Amino acid sequence: TLTLAGKRAIVTGGASGIGAATAARFVREGAKVAICDLDAESAQALALELGEQNCRAWSVDVADIERVTPFISDAAAWLGGIDILVNNAGIAIPGTVIQLDPANWRKIFAVDVDSIFYASRIAIPIMIAAGGGAVVNIASISGLRGDHALVGYNAAKGAVVNLTRAMAVDHAPDNVRVNAVCPGLIETPLTQAAKDAGLWYAWTSTIPMRRAGTAEEMASVVAFLASEEASYVSGSVIVADGGMDAA
Ligand code: NAD
């Protein structure tokens, strides 16, 4: 069994997809979870579903340091500390380097990379003061390679991968473990557009497992990394993609 009973966790982008599945899994494993999202209504609905004593939702734009900073402090106060931070909120905007609008390039970096810096710089000192903790960053296999017409996302997720390694090295002596998960193609609202556009078969047929992953399958990997079961795992980049990156 995972040892998440009594753990105090924060999950960004917790209203949907991988973040929502992670929050639900954490609660099922006995943790108390603070979630934040741009979509306040869905976040609140999930908190009610998981039980108000187990989960509380905040309306936060993680790209805005003025919102993230007080959120982490408020969440820590409600939780009574922070053992786990899952930096999950993220967006993808397509385009090659000549197609992508500069404002969208900046937006991708603000949501996918800056947010991790903003949340971690407040959460990690709180973890250190209490003896340690675990950070899990949701990167992507897009951060390990160049997907066609997705330059901003590829670059931002590549930054998340190496930010993970750097944070892990710096805070290993503080007993704070930092790891990244690189999901492949996962069936969530983020990838719904591809489904709607009829791209699903073309995409899934190139995956060795011949299917997309589920948000719950990603939550399993996050839960492992966040738990004491991964006590000697830090600075690792765990690919969870049905064999896609190996092919
Ligand atoms: P999703 O769109 O279902 O969920 C993302 C959540 O983040 C949403 O609830 C959204 O409202 C929230 N969010 C977006 N911008 C935000 C902001 N500025 N502030 C606060 N919240 C914000 O997507 P998902 O598929 O669950 O993706 C979660 C993470 O997994 C992302 O970092 C994504 O890049 C990564 N990922 C997803 C896939 C996939 O195939 N779905 C693959 C690799 C990586």
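Each reported figure results from applying straightforward, stated rules to the coordinates on display, with no laboratory input. Keep in mind that what you see is a predicted model, and the values were worked out from it rather than measured. A quick note on method: Cβ atoms are made from the backbone with ideal geometry, for glycine too, and the neighbour counts reach across all protein chains shown.
Numbers below:
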read-out: Computed over the chain: relative contact order in percent, which uses C-alpha pairs under 8 Å that are six or more apart; value: 21 percent
read-out: Chain lengthening between D74 and R121 when straightened (0.36 nm per residue, less Cα-Cα); value: 15.5 nm
read-out: Partners for K107 among lysines (Cα-Cα distance below 20 Å; same-chain residues under 8 apart left out); value: K157
read-out: Inter-centroid distance (Cα atoms) of segment 1-46 relative to segment 88-159, Å; value: 19 Å
read-out: Theoretical ellipticity at 222 nm over the chain - DSSP helices of four or more residues, -39500 (n - 2.57) apiece, nearest 500; value: -13000 deg cm²/dmol
read-out: Extension reserve of the S236-A172 stretch, reckoned as 0.36 nm per residue once the Cα distance is removed; value: 21.8 nm
read-out: The chain - Rg and Dmax from Cα coordinates, angstrom; value: 17.0, 50
read-out: Given charges at Cβ of Lys, Arg, Asp, Glu: the chain dipole, positive-most of Y201, L46, A63; value: Y201
read-out: Linear extension gain, R211 paired with Q99, 0.36 nm per residue minus alpha-carbon span; value: 37.3 nm
read-out: Pairwise label distance in nanometres, E66 with D196, each label 7 Å out on the Cα-Cβ vector; value: 3.2 nm
read-out: Alpha-carbon spread of segment 63-141, three principal axes, descending order, Å; value: 47, 28, 15
